[in-house]
1. More than 13 angstrom separation, counting every C-alpha pair in region 200-269; what % is that?
2. Need the full-extension length gain, Val14 to Asn531, defined as separation in residues times 0.36 nm minus the C-alpha distance. One decimal, nm.
3. Quick one: of Lys258/Lys302; Lys254/Lys483; Lys407/Lys429, which pairs are farther than 28 Å apart, Cα to Cα?
4. Would you mind putting 427-439, 253-265, 401-413 in packing order, based on average other-beta-carbon counts within 10 Å, highest first?
5. A 20 angstrom limit on the alpha carbon distance is what I want to check against. Which of Lys109/Lys412; Lys253/Lys412; Lys412/Lys467; Lys94/Lys351 exceed it?
6. If R0 is 35 Å, what FRET efficiency do you get for Cys459 and Gln345 from their C-beta distance, rounded to 0.05?
7. Each label point is 7 Å from the Cα along the Cα-to-Cβ direction; what then is the distance between the points at Glu292 and Trp436, in nm?
8. Report, by chain and number, residues whose modeled amide H sits under 5 Å from the one on Trp71, excluding near sequence neighbours (fewer than 5 apart, same chain).
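The values are calculated or read from the model by the stated rules, or taken from the named source; none is laboratory data. The model shown is predicted, which means the values in this text are computed figures rather than measured ones. Methodologically, a virtual Cβ is constructed for each residue, glycine included, from the backbone with ideal geometry; neighbour enumeration extends over all protein chains shown. With ligands, DNA and RNA removed, areas are computed over all heavy atoms of the protein, side chains included. Shrake-Rupley method; radii C 1.70, N 1.55, O 1.52, S 1.80 Å.
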Amino acid sequence: MHSIDYFVVCFFTVAVVIAGLSFGRGNSDMESFFAAGGAVPWPISGLSLFMSFFSAGTFVVWGSIAYEYGWVAVTIQWTMCIAGLIIGILIAPKWREANVLTAAEFINKRLGISVQQFYTYLFLVLSLFTTGAFLYPVAVIVNVATGFGISETTIVLGLLIILYTTVGGLWAVVVTDVLQFVILTVAVLIVVPLSLESAGGISGFMTNAPDDFFNLLNGEYTFGFMVAFALYNLIYIGGNWAYVQRFTMVKDKKSAQKVGYLFSALYIITPVIWMLPPMLYRITEPGLAGLENEGAYLMMVKEVLPVGMLGLMLGGIVFATASSVNTTLNLAAAVVTNDIYRNLQPSSSNKQLMFIGRIATIIFGVGTIGVALLVPVAGGIVEVVLSIGAITGAPLFAPPIWALFSKRQSGKSIILITLLSLGINLFFKFVTPVLWDFSLDRAMEMIFGVGGTLLMLSCYEIWAIYKERISPQYIAYIRQIRKEKDVNEKLKASVDTSSEQNRYGLQVISISLAFTGGLIVLLSLLADNANVLVGSMGALILVIAYIIWKLNRRRYEKVPEYHDTKI
């Protein structure tokens, strides 16, 4: 990379960390730190959900598949669009209606403290592996772009993420998500036309691509895999505790639905745009093999972007991909603080709870770094991400989602189904290949992992209907909800705080985008090619920043009004 690119990366890193740290002053209680005040505007929450999910594997996992197999990488991501739509219609409003800070809190209310403890410990262990799998691609991207060692990069970036997540809380995570979304969308709109030109235009792309490159299905990614993966995404996005926060931190059920709809809409078009660079790199450089495929996205970006823009996009990619890490770190800390420590020490002050929350963030952050360092040993990021999803996704997240709708599932049935599902999935993943030289292919692993859990939940539901059985825990849950008559009073008290947080958050976003837009305009003057295109995109970001600033001033000049919310 050019020295200007290194300067831009450093500048961008400092800007993101400062933006995150600036929220430290507003986090005086649990709801501020872990739920961003409970009334975040739905477009911001929707963009944050998109970036938290999208960034984890897009550049390395799906980019690797796009390079090797082509259009099927887009098809895989379209399953997320379908999942987001269903979540918006059914699941998101149910989570908001539950009026909880975390999914673990709902499990406690609906299924009992013992079930909550079981899921909490299981989730915390799994979180170390998933966040480690998310941190590893960041190090790969930096390694490809700069040549810095993967291990050293993992440690440094992990410490930076721990820093601004520990101080800034969920608003720090959300604001950096929105910032990355705008920057990366603009950057890829520069990359795509330059990549097409490098590959000989559309005609050169179509002519030189492998015969099956534009098939909707390809290789081990069959129709059965797509159906199972769509169900998996429905469960994972709708039930993953980190993503549930995006539905519970908005003001009402309709806003929660809109979060799901925005996520779905973004996954209609963005996979096409985002997967073109690694697909085009297959035309210009067809010789990558094995784990080299994981760097295809960044190799194309390095080849076509002008001086300075490579550094900006690298910074954006790094922190966007890291979004999934800080999202899960914040959630894991919330679970430890709200659902473990506060139950053990119910008389704890806000100051004590905030201290525990920050300590928990640091501990899990260090654990995440350790796991990320082990990913290459496990066979690479594609194998790790898809295998973790197939084995644990449905058993861990499907039963609580089912309990949102079912009055028949009990704590015992939920735990039994989770244990059986996990046991069966682990058996076929690790035992049968050793004992009988039998292993499931990618499609069957996903089908079996998701379908088994749903089948067991369905069978119990049918049996309970036949027996006319209603769970006593469900009856107790409904009674508890009806007794919570002070909820509206709590909402009244939080309006002023959440409105101030929203105003400040949008202000930080507009200022950050203004600096970024100005930087891009400056880089267009230094660029050795595509000056007009780069300058136009910088101007576009400046316009977006001004619109956000103007709308923010108009909205929060008025005193916020409170309307009773029906729970």
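1. Summing the P(r) of region 200-269 above 13 Å gives 76 percent of all pairs.
2. Values: separation 517, 0.36 × 517 = 186.12 nm, distance 2.56 nm.
Additional length available on full extension: 183.6 nm.
3. Lys258/Lys302; Lys407/Lys429
4. Details: 427-439: 11.6, 253-265: 21.5, 401-413: 19.8.
Ranked by mean Cβ neighbours within 10 Å, highest first: 253-265, 401-413, 427-439.
5. Lys253/Lys412; Lys94/Lys351
6. 0.30
7. Distance between the two pseudo-spin positions: 3.9 nm.
8. Phe214, Asn215
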